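Please read the structure below before turning to the comments.
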Amino acid sequence: MSTSDSPVSSQRDGAIDSELGDFETLEQFILEQQDRFPHSTGAFSRLLRDISLAAKIVNRDMRKAGLIDIYGSTGETNVQGEVQQKMDALAHREFVLALRRGGECCLIGSEEHAEAIPLSTTSEGDGEYIVLLDPLDGSSNIDVCVSVGTIFSIYRLPDDYEKEEPELDAALQPGTEQVAAGYVVYGSSTMLVYTTGNGVNGFTLDPSIGEFLLSHPNLKTPDRGRIFSINAGYYNSFDGGLRDYLDWLQETDAESNRPAKTRYIGSFVSDFHRNLIKGGIYMYPATQGSPSGKLRLMYEANPMAFIAEEAGGRATDGYTRILEKQPEKLHQRTPLYIGSADMVRRAEAFLQGEPERV
Ligand code: AHM
Ligand code: MG
């Protein structure tokens, strides 16, 4: 047996390879996936490339936000009645520009724009994908250097769609119809995580070469974790079943690893990403003031639900699977319970008044 065949030296070779930066790039990974479909035109790969390019531009701008005049609000409120941050507006523009330039997308729905934005007509050669996105989620955190994210959801324009210029009705598809979904977390590292329904893969941006590199292949989330993430400040306006669940999480019981730990950044992408890797549940429930919760179904809950399920987790509104909800409006809200499957199931049981069910 030659030395290079020994397990020890092959481990060392692996270490050297990674020291040398022998990582697969996002672009290589996308092309490899594309090769598995012999009739692929490459349009979807180009669409993902456009999204990753916009993410790199947003990342670049945000890393300088304290130095140039892009902190703070624009003085406008968006369609949700929320104060729009300058970075919200900038990120929205970067994504729209990249998708328009790329030519593979025919319709955009963005948190930062009241109406869906058609990019072209449906005549031959035009884009066949619909992209719904929150260009910068958690943006009130930017001014204080806390991590934020982009969330995106991709659908195909229905084959039988007849209007010459696509409108919102083309996008009102349940989450089960998504062809891909992903997020970018701009944190201590910048990571892009996405799924096309064939597992979840995570790529870390190497800023020195400007490439996303495959760092978290085939991500799986634990069935059970120790973390719960919720804005407990609203405790008194939560449903009684939810309050019971929160109380249960805080009881002491060594066997079920309680009390659980609370972690809430107030930046959904970051809270979700941490819980995905470590195991946990993120909840944004209905409250008395917001009976439908806060998060948006089409570009926040659906894409994250697709990723959660692909990683072995679960996502519901407490009663119904998120991916099966039929959207009626672009900016529709939904309560959300998402993360480790056992924890989400238990939250549902408490909400439904049957805590002993799990
Ligand atoms: P945004 O899309 O306007 O940024 O709002 C969504 C954000 C989430 O990132 C976060 O989890 C949540 O709002 C925090 O809301 P709250 O301050 O009510 O806890
Ligand atoms: Mg958001």
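The values are calculated or read from the model by the stated rules, or taken from the named source; none is laboratory data. Everything numeric here is computed off the predicted structure, so don't read it as measured data. Quick reminder, even Gly has a Cβ in these numbers, built from the backbone with ideal geometry, and neighbours come from all protein chains shown.
Summary of values
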read-out	value
Single condition Glu309 does not satisfy, out of (1) closer than 20 Å to Arg258 by Cα; (2) free of Cβ contacts under 8 Å to residues at least 40 places away in the same chain; (3) of a type in the set (Asp, Glu)	(1)
Residue ID - modelled with the lowest pLDDT, chosen from residues in the range 118-128 that are over 15 Å from Ala171 (Cα atoms) and either within 13 Å of ligand 2 (Cβ to nearest atom) or acidic (Asp, Glu) (or both)	Glu124
Candidate set: the range 65-88, residues that are of a type in the set (A, V, I, L, M, F, W, C) and within 14 Å of ligand 2 (Cβ to nearest atom); chosen: the one modelled with the highest pLDDT	Met87
Selection from the range 162-174 of residues that are surrounded by 15 or more Cβ atoms within 10 Å (Cβ to Cβ) and either within 22 Å of Ala114 (Cβ to Cβ) or within 16 Å of ligand 2 (Cβ to nearest atom) (or both)	Pro166, Leu168, Ala170, Ala171, Leu172, Gln173
Filter result for the condition that a residue is at pLDDT 95 or above and in contact with a Phe, Trp or Tyr (Cβ under 7 Å, 6 or more places away or on another chain), over Val131, Val96	Val131
Matching option when the condition is in a loop (DSSP other than H, G, I, E, B), modelled with pLDDT of 95 or more, more than 21 Å from Phe37 (Cβ to Cβ) and not assigned by TED's automatic domain parsing to the domain that holds Asn257, among Glu165, Glu115	Glu115
Residue list for the range 236-245, restricted to those being within 16 Å of ligand 1 (Cβ to nearest atom) and either surrounded by fewer than 19 Cβ atoms within 10 Å (Cβ to Cβ) or of a type in the set (D, E, K, R) (or both)	Asn236, Ser237
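Matching residues to (1) surrounded by fewer than 24 Cβ atoms within 10 Å (Cβ to Cβ); (2) of a type in the set (Asp, Glu); (3) touching a residue at least 24 places away in the same chain (Cβ under 8 Å); (4) on the phi > 0 side of the Ramachandran plot:
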| position | (1), (2), (3), (4) |
| --- | --- |
| Cys105 | no, no, yes, no |
| Ser110 | no, no, yes, no |
| Asp134 | no, yes, yes, no |
| Asp137 | no, yes, yes, no |
| Ser140 | yes, no, yes, no |
| Asp143 | yes, yes, yes, no |
| Val146 | yes, no, yes, no |
| Thr150 | no, no, yes, no |
| Leu157 | yes, no, yes, no |
